[in-house]
Amino acid sequence: MQKVGEIFQEARTAKNISIKKAAADLLLKTEILEALEAGEWHSLPEPAYVRGFIKNYANLLSLDSNRLLALYRAEYDENKFPHKASPFKGKKRLMFTPNKLAPLAFILVTLVFLVYLAIQYTSVLKAPKLQVYTPQDDSNTTASVIEISGNTEKEATVSIDGELVAVDPSGNFRHQIKLQEGQNIIEIIASKKLSPKSKETRLIRLIR
């Protein structure tokens, strides 16, 4: 009585199909078809998989799959299968199901929220940026009125010598201040709610 592997090999050879081509058509490894044709059942995966291989290979070669499955059962006692990992079995794929995705999505959203809170907290603790463009520090002037100009963060408030100054949407501010004769120390402060203050000073001398 012909064996399953011999029938497969003869049919494949008669159709002039290489074992590599047959394996590619069936989306299987070449080693699996080689084991099928050699009747090396012990080196193949679980019998349920083997029956599927036989059926698909038979269909590819236009053979009677029922007859070949009957011959396979006559050749090999499936109860003797060792139930060990087969060298032909690929790595188990990580399957994502709705039940698995929901916790992952929750964790991701939580992490994003925590990062957002950390950024906001850091921003609150950080003193606002403050740049004073004019006048230059430690300078002399003959003008009794000078303009203080600069830039800060748009959420900040600015005071010059204790007087609040308007800040535009871009964070720019301008303010004129009257000087006293001699030395004037001008204090510019930028502040935000719950944040440390930023302070700049300008030493200006009014010379008559």
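Each value in this text was obtained by applying a stated rule to the coordinates, not by laboratory testing. Everything numeric here is computed off the predicted structure, so don't read it as measured data. Here the Cβ positions follow ideal geometry from the backbone for every residue, glycine too, while neighbour counts run over all protein chains shown.
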Relative exposure of Ile189, Ile177, judged by other C-beta atoms within 10 Å (fewest first):
Ile177, Ile189
Karplus-derived 3J(HN,Hα) from phi for the range 44-49 (6.51 cos²θ - 1.76 cosθ + 1.60, θ = phi - 60°), whole Hz, x at Gly and Pro, runs 9, x, 4, x, 4, 5
Helix 4-14 axis, angle to the chain major axis (alpha carbon atoms, nearest 10°)
80 degrees
So for the chain: antiparallel DSSP bridges make up what percent, rounded to the nearest 5?
90 percent
Over the Cα atoms of the range 109-208, what Rg and Dmax result, in angstrom?
17.0, 66
Structure-based [θ]222 nm, the chain - -39500 (n - 2.57) summed over DSSP H runs of at least 4, per residue, nearest 500
-12500 deg cm²/dmol
Once both label points are put 7 Å beyond Cα along the C-beta direction, the Asn140-Asn66 separation in nm becomes 11.6 nm
Roughly how many Å is it from the Cα centre of the range 18-57 to that of the range 141-182, as a whole number?
84 Å
Can you work out the Karplus-derived ³J(HN,Hα) for every residue in the range 172-180? Use 6.51 cos²θ - 1.76 cosθ + 1.60 with θ = phi - 60°, whole Hz, and x for glycine or proline.
7, 9, 9, 7, 9, 9, 8, 8, 8
Residue by residue through the range 197-202, the couplings from Karplus 6.51 cos²θ - 1.76 cosθ + 1.60 with θ = phi - 60°, in Hz, x for Gly and Pro, are 8, 9, 9, 10, 10, 10
Please report the orientation-averaged projected area of the range 1-87, defined via the convex hull of its C-alpha atoms, in nm².
5.2 nm²
Just list whichever of Lys129/Lys193; Lys154/Lys199; Lys21/Lys80 have alpha carbons separated by over 24 Å in the model shown.
Lys21/Lys80
Sequence-distant residues sharing a close amide H with Ile148 (under 5 Å, placed H):
His175, Gln176, Ile177
